[in-house]
Amino acid sequence: MASPNAGGRSVRPLLFLDVDGPLIPFGGPTPSYSVGPEGPAVEANPLLARIDPAMGRRLAALGYELVWATTWGEEANECIAPRIGLPPLRMILWPEPSEAEERDVRAGRHWKTRPIVAWAAGRAFAWVDDEITRADHAWVAAHHDGPALLQYVNPRVGLTADDLDVLKSWAEALGDTA
């Protein structure tokens, strides 16, 4: 699952995680999970009860380096990571809005696409989000020097076993070609 970097060391691919949609599904019959004492975080945001507490274990088992790619910011580490059994993760710090972002949005690209590609810096990555478009796929293919998988997640159901299988197979295929 890991590919060598320029120094020959093995480097796991990155997995950029969005929260709203992939981890917190919206719409449809959404389960509510009870995880220990709910505390003020769930009282402040009852949508946290929609997060499958087993998802952290499943994500960790994929073999990626997990990175938050969400507007939740540090709250992802404070509220979500412990709820699903993950340690604090690194996160993308989003730049201030810019003309480039405005052009991206007008062109049908997600405003996260350019910062994710910059953060990956040529490293293999997968990105799970509920707002990925064909324009994002095209832009990443033209501007990212490494392998990339953009996995659209249906926000009504969140990350599914099928999504996780795609992520696992893709990472394993990277190891086969390294």
Amide H within-cut-off set for LEU149, under 5 Å, with H built and near neighbours excluded: PHE125, ALA126, TRP127
Determine ³J(HN,Hα), in whole Hz, for all residues of segment 138-148 in sequence, where each value follows from phi through the Karplus function 6.51 cos²θ - 1.76 cosθ + 1.60 and θ = phi - 60°; x replaces Gly and Pro. 5, 5, 5, 4, 7, 10, 10, 7, x, x, 8
Based only on the alpha carbon positions, what is the Kirkwood hydrodynamic radius of segment 38-135, in angstrom? 15.1
Extension gain from GLU78 to GLU172, taking 0.36 nm per residue of separation minus the Cα-Cα distance: 30.8 nm
Hey, quick one: spin label on ARG58, modelled 7 Å out along Cα-Cβ, who in segment 124-167 has an amide N within reach, i.e. under 15 Å? 128-129, 152-167
Neighbour net charge for GLY85 - beta-carbon separation under 12 angstrom, K R +1, D E -1: +2
Accessible surface of segment 74-178 [probe 1.4 Å, protein heavy atoms]: carbon and sulfur percent: 52
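The values are calculated or read from the model by the stated rules, or taken from the named source; none is laboratory data. Values in this document were obtained by computation on a predicted structure and should not be read as measured data. Neighbour counts are summed over all protein chains in view; Cβ atoms, including those assigned to glycine, are modelled from backbone coordinates with ideal geometry. Accessible surface areas use protein heavy atoms only, side chains included; no ligands, DNA or RNA. Shrake-Rupley method; radii C 1.70, N 1.55, O 1.52, S 1.80 Å.
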